[in-house]
Amino acid sequence: MASAPLNVLLTGASSGLGLAIARALIRDTSHRLVLTARESSLRRFRECGIEESERQWLRPLDVTNEAQRVEVVTEIERRWGGTDVLINNAGFAVRAVVEHVRDEDRSTQEQINYIAPLALVRLVLPGMRRKRAGRILSVSSVGGMMAMPTLSVYSASKFALEGAHESLWYEVKPWGIR
């Protein structure tokens, strides 16, 4: 008996590491994929030959936009029964010494690198708890384990992500979520 396909939600899938992850997942046809990127980046999928299909959706998602996060997660729940694997890959970095970091850049890094990934985790966790299974992967950085010059705000956002996920690991382990 074939097992049900895993429903994978990947953020920041249109370039860099996200695109590499997307390509690897596309080759494994045992998954159903929701590949997301900001609206302005969706064209990159077409440029890379990645098309939408019944098992592979391309969705606009600005991870800092609460309504878009809810919309994507709700659609997966409604059509496929929920997210089995969440891969928080979207990220943002600005290099600057502390006194030159603009408030807008600080806020953007906090939102994209820490607040939005946790918001997505909060949205998918109820379904994972019901199923007593799931996987949550959030792409971090060596900057989340050791600070580097000109990356203070970036490192802070990644340290926060690391700390939250370390705590989350203990919280969800009894539910079969990793």
Carbon and sulfur %, accessible surface of the chain computed with the full protein complex present, 1.4 Å: 55
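222 nm [θ] for the chain, helices only, -39500 (n - 2.57) per DSSP H run of 4+, per residue, to 500? Walk me through the numbers before you get to the answer.
Values: 6 runs with 77 residues, N = 178.
My calculation for the chain gives -13500 deg cm²/dmol from helical runs alone.
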Dipole axis of region 34-178 (+1 Lys, Arg; -1 Asp, Glu on Cβ), positive-most option in TYR170, GLY49, PHE159: TYR170
Listed residues GLY49, GLY134, GLY82, most fluctuating in the chain (Gaussian network, C-alpha, under 10 Å): GLY49
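Counting only GluC sites (Glu not before Pro) that are in a DSSP loop and have at most 11 other C-beta atoms within 10 Å, tell me the longest site-free stretch of the chain. Show your work: numbers first, answer last.
Values: sites that count: GLU51, GLU54.
Here the longest run is 55-178.
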Among [x] 28, 20, 14; [y] 64, 19, 13; [z] 24, 21, 15, the entry derived from the coordinates for semi-axes √(5λ) of the Cα gyration tensor in Å: [x]
Separation between Cα centres of region 159-178 and region 87-116, rounded to whole Å: 22
Region 99-178 - accessible surface per residue (Å², probe 1.4 Å): 57
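Relative to the present Cα-Cα distance, how much length would full extension add between ALA164 and ASP103 at 0.36 nm per residue of separation? Working shown, then result.
Details: separation 61, 0.36 × 61 = 21.96 nm, distance 2.31 nm.
Answer, rounded to one decimal: 19.6 nm.
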Relative contact order of the chain, pairs being alpha-carbon contacts under 8 Å that are 6 or more residues apart, as %: 20
Simple Cβ-charge dipole of region 114-168, Lys/Arg +1 and Asp/Glu -1, about Cα centre, in debye nearest 20: 460
Candidates ALA119, ALA164, ALA156, ranked by Gaussian network fluctuation over the chain, Cα under 10 Å, top entry: ALA164
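Can you tell me which of 88-95, 31-38 comes out highest on packing, and rank the rest after it, using the mean Cβ neighbours within 10 Å? Don't skip to the end; give the middle numbers.
Values: 88-95: 20.2, 31-38: 23.1.
Result, highest mean Cβ count within 10 Å first: 31-38, 88-95.
Rounded to the nearest 20 debye, what is the charge dipole size of the chain about its Cα centre when +1 sits on each Lys and Arg Cβ and -1 on each Asp and Glu Cβ? Write out the running numbers ahead of the final one.
Details: 24 positive and 20 negative charges, 133 e Å.
Magnitude of the dipole: close to 640 debye.
The values are calculated or read from the model by the stated rules, or taken from the named source; none is laboratory data. In this text, all values refer to a predicted model and were calculated from it rather than measured experimentally. With ideal geometry, Cβ positions are generated from the backbone for all residues, glycine too; neighbour counts draw on all protein chains shown. Only protein heavy atoms, including side chains, enter the accessible area calculation; ligands, DNA and RNA are left aside. Shrake-Rupley method; radii C 1.70, N 1.55, O 1.52, S 1.80 Å.
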